[in-house]
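Here is the structure we will look at.
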Amino acid sequence: MSSKQQQYPLIIMSHGSGGDRYNISWLAEVFASNGYIVVAMDHYGNTWNNKIPELYIQPWERPKDISFVLDKILSESPFKDRVDTQRIGFTGYSLGGATGMWIAGARATDLNTDTVRAHSAHELGSLVSPELIDTIDYTPATASYRDPRIAAVVVMAPALGWMFAENSLEQIDIPILIVAPEHDAIVPTEKNARRFD
């Protein structure tokens, strides 16, 4: 780390479903070369080499990962005194984008097994069985996972637009930049990124 200044802004990064921290390393390099401390983690149970079906259908666990890692960075890491705590941002891709919406203050609608089953077949395929969907408690999805330490969010092709309550999106009070392609076969822009717009 450069010693040119005492503190640096921090960016926390979140990968897409079934990816890992290396998927957006190209962007981490851009931030780091422009004076940011960059933190990227694997979301336990939701990476290409660590697939836990229960966690694939509980995406609200991901913003908890972000807050946990931020706690550790600010209290125990070698960087703890080098972070400008007034300039902490977040960026995420796909399901990482949905993670960013939770971090910014969005909340999920009241979910039930029928709703989740209807929307998860395309995204999860054979990984999650209908029987497993019936065993999950969906109440935690509606909780707030807003982390007030994060001052701005950038989301790329955010997923799960259907899951979020519109009135909660209207109450987000930090800057959010949404980047999405005009057409997206995996995470359709009209049903996802434009829903957050």
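The values are calculated or read from the model by the stated rules, or taken from the named source; none is laboratory data. Note that the structure is a prediction, hence the values are computed from the model and not measured. Heads up, the Cβs are rebuilt from the backbone with ideal geometry, glycines too, and the neighbour counts pull from every protein chain shown. We work out accessible area using only protein heavy atoms, side chains counted, and drop any ligands, DNA or RNA first. Shrake-Rupley method; radii C 1.70, N 1.55, O 1.52, S 1.80 Å.
Taking the Cα centre of the chain as origin, sum charge times position over the Cβ atoms of Lys and Arg (+1) and Asp and Glu (-1), and report the length of that vector in debye to the nearest 20.
On the way: 16 positive and 24 negative charges, 128 e Å.
Around 620 debye, computed over the chain.
So what is the relative contact order for region 105-192, in percent, with contacts set as C-alpha pairs under 8 Å and at least six apart? Show your work: numbers first, answer last.
Values: 93 pairs, mean separation 34.3, N = 88.
It rounds to 39 percent for region 105-192.
On a C-alpha basis, how far is the centre of region 83-159 from the centre of region 169-186 in Å? Whole number, if you could?
13 Å
Identify the trypsin sites (Lys or Arg not before Pro) of region 18-99 meeting these criteria: DSSP loop state and at most 10 other C-beta atoms within 10 Å of the C-beta.
Working: sites: Arg21, Lys51, Lys64, Lys72, Lys80, Arg82, Arg87; in loops: Arg21, Lys80, Arg82.
Answer by residue number: there is no such site.
Angle between the Cα long axis of helix 113-124 and the longest principal axis of the chain, 0 to 90 degrees, nearest 10?
60 degrees
May I ask you to derive the relative contact order of the chain, considering only C-alpha pairs under 8 Å and at least 6 residues apart, and to give it as an integer percent? Mind dumping the intermediate values first?
Details: 344 pairs, mean separation 45.2, N = 197.
It rounds to 23 percent for the chain.
Let me check the size of region 4-132 from its C-alpha atoms; what are the radius of gyration and Dmax in Å?
Both quantities, over Cα of region 4-132: 16.3, 56 Å.
Taking the convex hull of the Cα atoms, report for region 65-104 its projected area averaged over all directions, in nm².
3.0 nm²
Give me the net charge for the shell around Phe196: Cβ to Cβ below 14 angstrom, other residues only, Lys and Arg +1, Asp and Glu -1.
Numbers: positive: Arg107, Lys191, Arg194, Arg195; negative: Glu166, Glu170, Asp184, Glu190, Asp197.
Neighbourhood net charge equals -1.
In Å, the Kirkwood hydrodynamic radius of region 72-197 over pairs of distinct alpha carbons? Let's see the in-between values first.
Working: mean 1/r = 0.0632 Å⁻¹.
Answer for region 72-197: a Kirkwood hydrodynamic radius of 15.8 Å.
For region 149-197, how big is the tail of P(r) above 13 Å, as a whole percent of Cα pairs?
On the way: 649 of 1176 pairs.
That fraction is 55 percent.
Once both axes come from the Cα atoms, what is the angle between helix 95-104 and the longest principal axis of the chain, in degrees from 0 to 90, rounded to 10?
The angle comes out near 70 degrees.
Any idea which of Trp26, Pro53, Pro188 is furthest toward the positive side of the dipole for the chain, if Lys and Arg beta-carbons carry +1 and Asp and Glu beta-carbons -1?
Farthest towards the positive end: Trp26.
Using a 1.4 Å probe on the protein heavy atoms only, what accessible surface does Ile186 show? Give it in Å² to the nearest 10.
Spelled out: Ile186, probe radius 1.4 Å, area about 120 Å².
In degrees from 0 to 90, rounded to the nearest 10, what is the angle of the helix 61-75 Cα long axis to the longest principal axis of the chain?
With both axes taken from Cα atoms, the answer is about 20 degrees.
In a solvent-free Debye calculation with one equal scatterer on each Cα, what is log10 I(q)/I(0) for region 73-130 at q = 0.12, 0.17 Å⁻¹, listed in the order of the q values?
So the normalised log intensities are -0.52, -0.77.
What is the ratio of the Cα radius of gyration of region 32-95 to 2.2 N^0.38 Å, with N the residue count, to two decimals? It would help to have the intermediate numbers written out before the result.
Details: Rg = 13.6 Å, N = 64, 2.2 N^0.38 = 10.7 Å.
Normalised Cα radius of gyration, region 32-95: 1.28.
Ignoring everything except DSSP H segments at least 4 long, calculate the 222 nm mean residue ellipticity for the chain; use -39,500 (n - 2.57) per segment, divide by total residues, nearest 500. Don't skip to the end; give the middle numbers.
Values: 8 runs with 63 residues, N = 197.
Result for the chain, helices only: -8500 deg cm²/dmol.
Please list Trp162, Trp48 from largest to smallest accessible area, probe radius 1.4 Å, with all protein chains kept in place. Display every interim value, and only then the final one.
Details: Trp162 55, Trp48 150 Å².
So, going from the largest accessible area down, we get Trp48, Trp162.
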